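Novice: Below you'll find the structure I mean.
The values are calculated or read from the model by the stated rules, or taken from the named source; none is laboratory data. Nothing here was measured: the structure is a model prediction, and the numbers come from that model. Neighbour counts are summed over all protein chains in view; Cβ atoms, including those assigned to glycine, are modelled from backbone coordinates with ideal geometry.
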Amino acid sequence: MRKTDVIIVGGGQAGLAMSRSLALRCIDHVVLERGRVGERWLSERWRSLNLLTTNAMSALPGLPYDGSESDGFMPASAFAAYLERYARTMGSPVVSDAEVTDVEQTAGGYRASTTAGEWRSQAVVVATGACETPFRPAMAEALSPSILQVSPTDYWEPGQLPQGGVLVVGASSTGAQLAEEIQGSGRPVTLAVGDHTRVPRRYRGRDIYAWMETAGILDDPALEGGNLEAARRQPSLQLVGRPDNRDLDLGVLARRGVRLVGRLTGVDRAKASFADDLERTTKASHARMLRILERIDGWIKDHALEATAADPAARIPVLAAGGRLTLDLRNEGVRSVVWATGYVRRYPWLKSTVLDHRGEIVHRGGVTPLPGLYVIGLTFLRRRRSSFIDGCGLDAEDLAPIVKACLGRPAKEAA
Ligand SMILES: Cc1cc2nc3c(=O)[nH]c(=O)nc-3n(C[C@H](O)[C@H](O)[C@H](O)COP(=O)(O)OP(=O)(O)OC[C@H]3O[C@@H](n4cnc5c(N)ncnc54)[C@H](O)[C@@H]3O)c2cc1C
């Protein structure tokens, strides 16, 4: 049994940022990682994935991007290598191949059982990621077993799918990227479009994320009440990170031959039903995009910044309507379904008293009701960019003093 002050569960960007913030305060801690540092980027992302945020925005505190393409987009594997370098540079006390299987509250704090032994600590910070387990709607179980079902975490490249048609469900960044790639491999794609937000990759001479950062959009605070729950459910922006800075929206996909249909509403073996909502979702997506662009325009005006004039093409709506309401997947030659339907979080190793009815950790800005138990890296934890690479460092700096304050206090007071 080893002892430390704080156990961090998870050695991704959030766990490493937390580790740095604790180290800066001379707090003894350990980072327990079930695989390797940055494991998610190594084994749960598809081969062609480039980051969606620019290189300049894909760095953690203390180790900025030092390459020559600050506006470029690095491959997922390069970001995993960066995280490895980060852990080494910061001297993070990472224990790899240590899967946490149980966390139990004790009189003095916590006991964590792992595949590499046991640790005791006064506090625990959960950093297992916002994109933990791919979500599959219950209707997936009604799909004929003759149709292959794939989640983004098991998708690597189109060649692993059987020849024939593919139904991609979900049109945010993952669904749009996979639909484009799979269509390009000669497998005809039908894309079931749910809520999404289209944005142009470049706007007024800069990357859209760079503008969102400058204009303070990524710093919108997580205010309790109001629309926080809705904000936490917002899907990722419909973007791809490529050297040509191209857009990836429904118009681009339709031109490539992808067939667009509405939200998937039901499956009965090989029969799939879709809502007649393409017009509504594409209009709503357009309205959301305009709100983002208007905030950027407003910021440019307020700060009298000289920026390239807005490209009118960015504001032309990409609207789709109609689409088939039912499809017999077998007759249409569809041999596989890709569920790009977002992620949920699972904590089988955590006692349920801190989980809500959906299995999500109950918290306020990362502080849970359990004394000494904290969470970092979740969507809109404290601000819009909390689950982004360049957001978790800010949250870690906010949380570290709170964690420090709980150390040495009786467990029941340290909440
Ligand atoms: C496809 C995709 C692309 C993305 N692209 C970007 C982008 O370009 N820019 C951006 O800012 N954000 C991006 N994100 C969002 C976010 O940055 C990532 O989800 C990122 O991986 C989150 O980092 P994290 O450290 O919070 O969690 P994770 O990277 O998920 O790290 C959690 C770690 O915990 C470990 N773990 C889990 N359970 C246990 C356990 N029981 N015991 C021990 N260890 C455990 C895992 O192995 C993992 O290494 C993307 C997300 C996805 C899904």
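Novice: Would you say residue 20 is closer than 22 Å to residue 128 by Cβ, over 21 Å from the mean Cα position of the chain (by Cα) and in a helix (DSSP H, G or I)?
Specialist: Yes.
Novice: Taking the condition of being under 26 Å from residue 341 (Cα atoms) and either touching a strand residue (DSSP E or B) at 6+ places or on another chain (Cβ under 8 Å) or basic (Lys, Arg) (or both), how many residues in region 203-223 meet it?
Specialist: Within region 203-223, residues that are under 26 Å from residue 341 (Cα atoms) and either touching a strand residue (DSSP E or B) at 6+ places or on another chain (Cβ under 8 Å) or basic (Lys, Arg) (or both) number 6.
Novice: Please note which strands (runs of 3 or more DSSP E) are completely contained in region 248-309 and include at least 2 residues that are aliphatic (A, V, I, L, M).
Specialist: 259-261, 264-268
Novice: Another one. Please indicate, with yes or no, whether at least one residue in region 325-340 is aromatic (Phe, Trp, Tyr) and either more than 25 Å from residue 237 (Cα to Cα) or not in a strand (DSSP E or B) (or both).
Specialist: no
Novice: Any residue in region 372-395 that is assigned to a strand (DSSP E or B) and modelled with pLDDT of 95 or more sitting within a Cβ distance under 7 Å of a residue that is more than 9 Å from the ligand (Cβ to nearest atom) and not hydrophobic (A, V, I, L, M, F, W, C)? List the pairs, counting only those 6 or more apart or interchain.
Specialist: Every condition considered, the pairs that remain are 374/366; 374/368; 375/363; 375/366; 375/368; 383/219; 383/220; 383/221.
Novice: Could you list, in sequence order, all residues of region 123-176 that are under 30 Å from residue 31 (Cβ atoms) and free of Cβ contacts under 8 Å to residues at least 24 places away in the same chain?
Specialist: Result: 154, single match.
Novice: A further question follows. Looking only at residues in region 83-99 that are of a type in the set (Gly, Ala, Ser) and surrounded by fewer than 16 Cβ atoms within 10 Å (Cβ to Cβ), which one is nearest to residue 64 (Cα to Cα)?
Specialist: Top of the filtered list is 91.
Novice: While we're here: Look through region 1-29, keep the residues that are of a type in the set (A, V, I, L, M, F, W, C) and surrounded by fewer than 24 Cβ atoms within 10 Å (Cβ to Cβ), and return whichever of them is farthest from the ligand (Cβ to nearest atom).
Specialist: 26
Novice: Hey, can you tell me all the residues within region 45-56 that are surrounded by fewer than 19 Cβ atoms within 10 Å (Cβ to Cβ), part of a loop (DSSP other than H, G, I, E, B) and not aromatic (Phe, Trp, Tyr)?
Specialist: 47, 48 - these are the residues of region 45-56 that are surrounded by fewer than 19 Cβ atoms within 10 Å (Cβ to Cβ), part of a loop (DSSP other than H, G, I, E, B) and not aromatic (Phe, Trp, Tyr).
Novice: Also, I was wondering about something else. Determine which single condition residue 227 fails, assuming it passes every other condition in (1) in contact with a Phe, Trp or Tyr (Cβ under 7 Å, 6 or more places away or on another chain); (2) farther than 29 Å from residue 327 by Cβ.
Specialist: Just one mismatch for residue 227, condition (1).
Novice: On to the next question. Which of the residues spanning region 57-77 are within 14 Å of the ligand (Cβ to nearest atom) and part of a strand (DSSP E or B)?
Specialist: Answer for region 57-77, where residues must be within 14 Å of the ligand (Cβ to nearest atom) and part of a strand (DSSP E or B): 60, 75.
The rows are residues; the columns are (1) buried (at least 17 other Cβ atoms within 10 Å of the Cβ); (2) more than 21 Å from the chain's Cα centre (by Cα).
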residue: 277; (1), (2): yes, yes
residue: 281; (1), (2): yes, yes
residue: 317; (1), (2): no, yes
residue: 347; (1), (2): yes, no
residue: 363; (1), (2): yes, no
